Amino acid sequence: MEPNLEKMTATEFEKSNTIIWGALIAGCIMLSTVLFFMVSQSQEFNKLENFSNSIFMWISIGMAMGGYYVGNMLYQKKAEEGAALSSLNEKINAFKAAFLLKAALLESPTLVAIIFMFVNRNVYFLMIAGILLIAQYFNRPTNERLFQDFKVNSTQKQEFLRR
């Protein structure tokens, strides 16, 4: 059941977003850990030339850069549209949708890099996944980010914080 964002307190809203954000990061970390131990005994596991000669390296790097830049671009577009909204609840819903879109566009290439590590049996794909996880870490959804990016005015901010 979807929580009612209109009745959710500021603390509950931030906690809800943090749980989603943390679950996305934790899922990638758990999958990479399991697959890492499955392939770490391979002879090719630490060979840089196998990584640099692989077409998967270019696909993984391209997806990572694309996911990062497209995610930021779409988030900014959604933030501009959300800033133009007059209702606080519309801004909250727009923020949640924009955050989930951006997180998905960072999560997808992370998972692809982890799977490429497993398929190629090469640890260097974890560098790409690690960089994307760091980017996702710094894109944590906070109430302050909502206020700033979606131009929540002082009246709306006070209303939100008094809930």
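The values are calculated or read from the model by the stated rules, or taken from the named source; none is laboratory data. Just so it is clear, the structure is predicted and the values come from calculations on it, not from any experiment. Using ideal geometry, Cβ is built from the backbone for each residue, glycine included, and neighbour counts are taken over all protein chains shown. Ligands, DNA and RNA are stripped out before the accessible areas are found, and what is left, the full protein with its side chains, is counted by its heavy atoms. Shrake-Rupley method; radii C 1.70, N 1.55, O 1.52, S 1.80 Å.
Values as computed for the structure displayed
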| item | result |
| --- | --- |
| For the chain, calculated [θ]222 nm from helices alone, where every DSSP H run of n ≥ 4 adds -39500 (n - 2.57) | -26500 deg cm²/dmol |
| Given charges at Cβ of Lys, Arg, Asp, Glu: the range 2-142 dipole, positive-most of THR18, ASN120, LEU74 | ASN120 |
| Alpha carbon centroid spacing (whole Å) that separates the range 12-84 from the range 114-163 | 11 Å |
| Prolate/oblate/rounded call for the range 18-73, Cα gyration tensor, a/c under 1.5 rounded | oblate |
| Per residue value of the accessible surface for the chain (all protein chains in place, 1.4 Å probe), Å² | 57 Å² |
| Candidate lysines for bridging to LYS15, where Cα separation is under 19 Å - those fewer than 8 sequence places away on the same chain excluded | LYS7, LYS91, LYS96, LYS102, LYS157 |
| Span-rule helices in the chain, defined as complete DSSP H runs reaching 15 Å or more along the axis (Cα) with Kyte mean at least 0.0 | 10-39, 55-83, 88-120, 125-138 |
| Nearest-20 debye value, the chain charge dipole, Cβ charges on Lys, Arg, Asp, Glu | 220 debye |
| Which label in (1) 100; (2) 116; (3) 150 gives the computed volume of the Cα convex hull per residue in Å³ | (1) |
| Extreme residue, positive dipole direction of the chain, given options GLN41, ALA84, LEU133 (C-beta unit charges) | ALA84 |
| Carbon + sulfur, % of accessible area of the chain - ligands and nucleic acids excluded, 1.4 Å | 63 percent |
